[in-house]
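Some notes on the structure that comes next.
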Amino acid sequence: YQGFQILMSGKGCRNYENFLQLNEETWFDFLNRVCQYHINVPRIDLAIDDRKPYLSIPDLIVRTKEGLLSTKLREIDFHDSGELKEDVFQSKGGSLYLGSSASNLRLVFYEKGYEQAEKFGKELNPDWNRYELRFRHKKAVRLVEELLKDRDVARIALSVLNEKVRFLQKPENSTVTR
């Protein structure tokens, strides 16, 4: 045989996490086990759930449109879906995509609470953002190696974000952007 493919949604990951916990294992144990074989990692995602929220997705989209974004990721896309109610636009959530869907790294910032309310008919939680880091091909393999070496998902995710993207502010009394 040629091997196996493992594909898990977020819910699938949570279910498998329960299995790992029952066996007193972690995701690092899982990755260590699968790395004992000749593997190909076509894609792996890291997700940060922000329930404060520290960032405003609509504000990030505005800053992006105003050129207040510093990144080497060239392709940028954004969406703000919604509906008109009594001639007033009501948002159903915004998304900002940095990097192309085919690139080895894509960053996605979106309003997860809106997505969950729409998808599952749940009560809206406007204070739930998600920041996804989508790694593909060589970057995915390197991420797995880094995760096994460092064992600190948050540090790795924040390090990538800090290296790949900066949202800037307009100075109040200047034409210079900082």
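List the GluC sites (Glu not before Pro) within the stretch 52-95 that DSSP assigns to loop and that have no more than 13 neighbouring Cβ atoms inside 10 Å.
Counting only loop positions with at most 13 other Cβ atoms within 10 Å, the GluC sites (Glu not before Pro) in the stretch 52-95 are GLU66, GLU75, GLU86.
Under a point-charge model restricted to the Cβ atoms of Lys and Arg (+1) and Asp and Glu (-1), what is the dipole moment magnitude of the stretch 86-149 relative to its Cα centre, in debye to the nearest 20?
It comes to approximately 660 debye.
Tell me, which longest segment in the chain has none of the chymotrypsin sites (Phe, Trp or Tyr not before Pro) that fall in DSSP loops with at most 10 further Cβ atoms within 10 Å?
Answer from the scan: 55-178.
For LYS149 and GLU123 in one chain, what is 0.36 nm times their gap in residues minus the Cα-Cα distance, to one decimal in nm?
5.4 nm
222 nm [θ] for the chain, helices only, -39500 (n - 2.57) per DSSP H run of 4+, per residue, to 500?
One gets -11000 deg cm²/dmol as the mean residue ellipticity at 222 nm.
Among SER159, GLN169, VAL144, which residue has its Cα positioned farthest towards the positive end of the charge dipole of the stretch 107-174, with +1 placed on the Cβ of Lys and Arg, -1 on the Cβ of Asp and Glu, and the dipole taken about the Cα centre?
Among SER159, GLN169, VAL144, the one farthest towards the positive end of the dipole of the stretch 107-174 is VAL144.
Which entries in LYS119/LYS170; LYS112/LYS170; LYS119/LYS149 show an alpha-carbon gap greater than 32 Å?
In this structure, LYS119/LYS170; LYS119/LYS149 lie more than 32 Å apart at Cα.
Whole-Hz ³J(HN,Hα) for each residue in the stretch 72-83, computed from phi via Karplus 6.51 cos²θ - 1.76 cosθ + 1.60 with θ = phi - 60°, x for glycine and proline: what do you get?
Per residue, the Karplus-derived 3J(HN,Hα) values read 8, 6, 7, 8, 10, 9, 8, 9, 9, 8, x, 8 Hz.
Span-like helices, the chain: DSSP H, alpha-carbon axial extent 15 Å or more, mean Kyte-Doolittle -0.5 or greater, which ones?
153-164
Run the accessible area of the chain with a 1.4 Å probe and give the carbon-and-sulfur part as a rounded percent.
49
List the trypsin sites (Lys or Arg not before Pro) within the stretch 55-89 that DSSP assigns to loop and that have no more than 15 neighbouring Cβ atoms inside 10 Å. Mind dumping the intermediate values first?
Numbers: sites: ARG63, LYS65, LYS72, ARG74, LYS85; in loops: LYS72, ARG74.
Of the trypsin sites (Lys or Arg not before Pro), the ones in loops of the stretch 55-89 whose Cβ has at most 15 other Cβ atoms within 10 Å are LYS72, ARG74.
Taking Cα extents along the principal axes in Å as the quantity of interest, determine which of (1) 126, 28, 24; (2) 59, 41, 29; (3) 98, 36, 24 was computed from the displayed structure.
It is the one labelled (2).
Send over a whole-number figure in Å² for the accessible area per residue of the stretch 74-178, probe 1.4 Å.
Details: 6850 Å² over 105 residues.
Per residue, the stretch 74-178 has an accessible area of 65 Å².
The values are calculated or read from the model by the stated rules, or taken from the named source; none is laboratory data. Fair warning: this is a prediction, and the values are worked out from it, not measured in the lab. Here the Cβ is made from the backbone with ideal geometry for all residues, glycine too, and neighbour counts use every protein chain on show. Ligands, DNA and RNA are excluded from the accessible area calculation, which covers all protein heavy atoms including side chains. Shrake-Rupley method; radii C 1.70, N 1.55, O 1.52, S 1.80 Å.
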